[in-house]
Amino acid sequence: EKTKKYEGSSTDLDGLEITEKMYPPVIAKILLGIKDGGRKRALSLLLAFFTSLEFPQDFIEEKIAEWNKKNYHPLKEGYIRAQVAWYLKNKRLPPNYDKPVYKEFGIKTPPEPGIKNPINYTIRMAMRAKAKKKSK
């Protein structure tokens, strides 16, 4: 059974502590807010990312609310609640980096060779951090 707890700065998922520094560049860029079109696409990417990593619902809702305030036109609260509920019930992986959706957000190549998906990037970063912690 996976242990999940949200305490504000990081989330513990099955022994891997995930912080915002471990988010892939595309997720970090989207979290800064959308200045023109693509808010709904960005929301679906964020929700797929957070639900695939099995972040707690309160964390997801808080992050999405913060993100929505940064957008040029915030999405309606009802729409966001419906999307969050749907993604919590129907977990989907974010698309791989070879899909065109990332080019729309200015990401042309994966952040590291051999990384095919934002989830792989975050898990790899969390495992590296855990290995560094153990070696100290």
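The numbers here are math on the coordinates, done by the rules we state, and not lab data. The structure displayed is predicted, hence computed values, not measured ones. Backbone-built Cβ (ideal geometry, glycine too); neighbour counts: all protein chains shown.
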* To do: Please give the helix 118-135 orientation as an angle from the longest Cα principal axis of the chain, in degrees from 0 to 90, rounded to the nearest 10.
  => 30
* Structure fact -> Given unit charges at Cβ for Lys, Arg (+) and Asp, Glu (-), the dipole magnitude of the chain about its Cα centre in debye, nearest 20, is 380
* To do: For the chain, find the longest principal axis of its Cα atoms and tell me its angle to the long axis of helix 77-89, 0 to 90°, nearest 10.
  => 40
* Structure fact -> For segment 85-136, shape from the Cα gyration tensor axes a ≥ b ≥ c, cut at a/c of 1.5 then a/b versus b/c, turns out oblate
* Value of relative contact order over segment 42-136, rounded to a whole percent, pairs C-alpha under 8 Å and six or more apart -> 31
* Structure fact -> Classified through the alpha carbon gyration tensor (a ≥ b ≥ c as square roots of its eigenvalues; rounded if a/c is under 1.5, else prolate when a/b is larger than b/c, else oblate), segment 21-81 comes out oblate
* For n ≥ 4 DSSP H runs only, could you compute -39500 (n - 2.57) per run for the chain, divide by its residues and tell me the 222 nm figure to the nearest 500? => -16000 deg cm²/dmol
* Is there a pair in Lys21/Lys108; Lys29/Lys134; Lys63/Lys108; Lys35/Lys99; Lys99/Lys130; Lys35/Lys108 whose C-alpha atoms are over 28 Å apart, and which pairs would that be? -> Lys29/Lys134; Lys99/Lys130
* **Rounded, prolate or oblate (a/c below 1.5 giving rounded, otherwise prolate when a/b exceeds b/c) for the chain by Cα gyration tensor** => oblate
* What angle do you read, to the nearest 10 degrees and between 0 and 90, between the alpha-carbon axis of helix 57-70 and the longest principal axis of the chain? -> 50
